[in-house]
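First comes the structure, then the notes that go with it.
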Amino acid sequence: MTTFTKTPGWLDWYSGPSRPKFKLPAGAVDAHCHVFGPGAQFPYAPERKYTPCDASKNQLFALRDHLGFDKNVIVQATCHGADNSAMVDALKHSGGKARGVATVRRSVSDSEIQAMHDAGVRGVRFNFVKRLVDFTPKDELMEIAARISNWGWHVVIYFEAVDLPELIDFFTQLPTTVVVDHMGRPDVSKSVDDPEFALFERFMHEHENVWSKVTCPERLSIKGPKALNGEQNAYVDVIPFARRLVQKFPTRVIWGTDWPHPNLKDHMPDDGVLVDFIPHIAPTEQEQKLLLVDNPMRLYWPEALK
Ligand code: 0GY
């Protein structure tokens, strides 16, 4: 049995999260979360850039029930490379309440794609964050995108805002629905009206196949989790960015906890507090239902809507 030692300074996920004050609508989907191992059963990938603490499917399902979500979308984490077995195992044990996003290489076979589809995978993730992954050539990614489109899958992209100008031509050529992780990681010390975020808004405005996860205030915030000096909420500096996208693109935004929150250095969020962030970015019941139920269902459980 292989044992793994966490990356120094690695923060464990928050045990005993509070129960949110915000009551999630019936059928709400946590549309961005991960499982890590357990490493003894599902070893971490040799090429990984970090070694996390274990975060198992049963712990994820317990969090889902505690917070009041109905379903999960489990996104392959980079610490597992292109070995999707921990994520697929979680899907298979979810009783139909989880769907997944995989990482694949060019060498993946059609029968492997089909097996993942049967388990509930509905997308692939292309990661451009240099501290997390080594570079994959764009022609390989485009080939993968063309192949998985035959199963009706979409592409999830993860990048940082400063890299969007260089990547945007590639993104706009993708033949599928494209879902951006964490709003393209804006620098929230800049104004929401800064040219940097304006480019992201234009990207969504001009391309109707582009969606965004309005996720990760804990990752993007500079002000952090404490509401200070009469401010209305934790992570207050992220609200204008997420609010802008929910308002402008109400049918193309989804939300998730990002549990177990890889690579946070300063603080680990209480997942109950994260859920209480939702009404600040989606104040109306109609926006909340789109964000948490209708939109993720359209992407991940479309057959349930027929
Ligand atoms: C996230 C963000 C991060 C990491 C990963 O797969 C991953 O390793 O997604 C990050 O470090 O920004 O979406 O959880």
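The values are calculated or read from the model by the stated rules, or taken from the named source; none is laboratory data. What you see is a predicted model; the values in this text were computed from it and never measured. A quick note on method: Cβ atoms are made from the backbone with ideal geometry, for glycine too, and the neighbour counts reach across all protein chains shown. Surface areas here come from the heavy atoms of the whole protein model, side chains and all, with no ligands, DNA or RNA. Shrake-Rupley method; radii C 1.70, N 1.55, O 1.52, S 1.80 Å.
Summary table
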read-out: Part-to-part distance (alpha-carbon centres) for the range 233-272 and the range 151-188, which is given in Å; value: 17 Å
read-out: Ala115/Asn58 FRET efficiency (R0 30 Å; Cβ-Cβ; nearest 0.05); value: 0.85
read-out: Neighbour-limited loop hits for GluC sites (Glu not before Pro), the range 213-295 (at most 15 other Cβ within 10 Å; DSSP other than H, G, I, E, B); value: Glu231
read-out: Furthest towards positive pole of dipole, His205, Tyr300, Leu164, structure part the chain, Cβ charges; value: Tyr300
read-out: Computed magnitude of the charge dipole of the range 31-89 (debye, nearest 20; Cβ of K, R +1, Cβ of D, E -1); value: 100 debye
read-out: Amide proton proximity set for Val210, modelled H, under 5 Å, gap of 5+; value: Val178
read-out: Rounded to the nearest 10 Å², the accessible area of Lys223 at probe 1.4 Å; value: 110 Å²
read-out: Positive-pole candidate from Phe61, Leu264, Gly100, dipole of the chain, charges at beta carbon; value: Phe61
read-out: Ordering of 260-272, 22-34 by packing [mean C-beta count within 10 Å, highest first]; value: 22-34, 260-272
read-out: Amide H contacts under 5 Å for His32, placed H, 5+ residues apart; value: Val73, Gly256, Thr257, Asp258
read-out: Listed residues Arg202, Arg64 arranged by accessible area, highest first, probe 1.4 Å; value: Arg202, Arg64
read-out: Straight-distance crosslink candidates among lysines, where the alpha carbon sits under 27 Å from Lys71 and sequence neighbours closer than 8 are dropped; value: Lys21, Lys23, Lys57, Lys92, Lys97, Lys213, Lys248, Lys289, Lys306
read-out: Contact order normalised by residue count of the chain, Cα under 8 Å, 6+ apart, percent; value: 21 percent
read-out: Segment Ala304-Asp134, length gained on full extension (0.36 nm per residue, minus Cα span); value: 57.5 nm
read-out: For the range 19-174, the fraction of alpha-carbon pairs in successive 5 Å shells from zero, as %; value: 2, 8, 18, 20, 20, 16, 11, 5, 1, 0
read-out: Given charges at beta-carbon only (K, R positive; D, E negative), |dipole| of the range 31-174 in Debye; value: 360 debye
read-out: Among Thr7, Gln286, Tyr44 - extreme Cα towards positive end, dipole of the chain, charges at beta-carbon; value: Gln286
read-out: J(HN,Hα) series, the range 12-25, from Karplus relation 6.51 cos²θ - 1.76 cosθ + 1.60, nearest Hz, glycine and proline x; value: 6, 5, 7, 8, x, x, 5, 8, x, 7, 6, 8, 5, x
read-out: Shape box of the range 73-133 [Cα atoms, principal axes, largest first, Å]; value: 35, 22, 15
read-out: Label point distance in nm, Ala146-Ser191, each placed 7 Å from Cα along Cα→Cβ; value: 4.4 nm
read-out: GNM top mover of Trp151, Trp255, Trp211 - the chain, alpha-carbon springs below 10 Å; value: Trp151
read-out: Within the range 92-112, backbone nitrogen closer than 11 Å to the virtual label 7 Å beyond the Cα of Ala26 toward Cβ; value: none
read-out: The range 116-168, relative contact order [Cα under 8 Å, separation at least 6], %; value: 51 percent
read-out: The range 145-292 - convex hull of the alpha-carbon atoms, volume per residue in Å³; value: 124 Å³
read-out: Separation between Cα centres of the range 107-124 and the range 204-228, rounded to whole Å; value: 29 Å
read-out: Dimensionless Rg ratio for the chain, taking C-alpha atoms and the 2.2 N^0.38 Å reference; value: 0.93
read-out: Value of [θ]222 nm, deg cm²/dmol, for the chain, DSSP H segments ≥ 4, -39500 (n - 2.57) each, nearest 500; value: -9000 deg cm²/dmol
read-out: Dipole magnitude of the chain about its Cα centre (Cβ charges: Lys, Arg +1; Asp, Glu -1), debye to nearest 20; value: 520 debye
read-out: Using θ = phi - 60° and Karplus 6.51 cos²θ - 1.76 cosθ + 1.60, couplings along the range 143-153 (whole Hz; Gly, Pro as x); value: 5, 5, 4, 5, 5, 6, 5, 5, 9, x, 6
